[in-house]
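Please read the structure below before turning to the comments.
The values are calculated or read from the model by the stated rules, or taken from the named source; none is laboratory data. What you see is a predicted model, and the numbers here were worked out from it, not measured in a lab. Positions of Cβ are backbone-derived with ideal geometry, glycine not excepted, and every protein chain shown enters the neighbour counts.
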Amino acid sequence: MADGACCTHSGRHAQSGTLNSTHIVTSSRSLTRVKGSYKTPSMDEGGSPVPGEGESSPKQEAKADLAQAAASASEQVKAAGEGGSKLSNDPQFILLTKLSILVGIIFAIIGGITGLIFSIHALTSADASTPHHAHPTPTPLARFVVVGDNWKGPCTNGCSMTATFRNEGGEGTAAATFNIWRNRWHGGSPLATCTVPVPDAPANGAVSAGCTAFSSVLSNLLNANPRGPQVWMTVQVENPTGQPS
């Protein structure tokens, strides 16, 4: 064939040897960018792009956005964890944490002490407001003492005697016993005895009381000695306490 003539391309070159006859068409393909990456659409047998391939849709973009947001959040969480780990190892942060715990403990102790003080105050106030039944002061008993004694007359049919008493206790009465003795040492039994009540007297008050003592022994002694025998008298007080004066 002469130069310049055209002919039907049979897929083989006139020269010897075998070559692929497929033409690589790059200009007819469109590059579609999907969120930072490029995707080459597929071609059909005729060299045309497959419908839907390489084309972005709102649904695909939303999925891509969601994936990117998840990746970003994961990175942020990772960074925050690394920052928290660094912060927990910081000496200043540890010191501040210990100080906060110590301050909390101190405030708790102060609160407990304050509550205890208020409780004690409430208990003491309630106890003070409760009326107490005061025990009445016992009235002191009378306590008479002999401050003077005297013969009231001669011993003829008995011996009359009197005495003065002073009350050194509380108001009240007592009893006085007069005895006649044969000797001054008051040995043996008395010749005669008489008892008389001591009149009521206030504290530090003085009263007098007396009686006449009779007995057969005393009468016999008096009759045997017309000029009068020598005898002695004593007086003893029995106070309400039962203790003689």
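Contact annotation: residue pairs with Cβ atoms under 9 Å, 6 or more positions apart or on different chains, pairing a residue in the range 47-73 that is modelled with pLDDT of 70 or more with a partner that is polar (S, T, N, Q) and in a loop (DSSP other than H, G, I, E, B), are Ala64/Ser56.
Can you find a residue in the range 149-160 that is exposed (fewer than 14 other Cβ atoms within 10 Å of the Cβ) and either modelled with pLDDT of 95 or more or of a type in the set (Val, Ile, Thr) (or both)? Checked against the condition, which is being exposed (fewer than 14 other Cβ atoms within 10 Å of the Cβ) and either modelled with pLDDT of 95 or more or of a type in the set (Val, Ile, Thr) (or both), the range 149-160 yields at least one hit.
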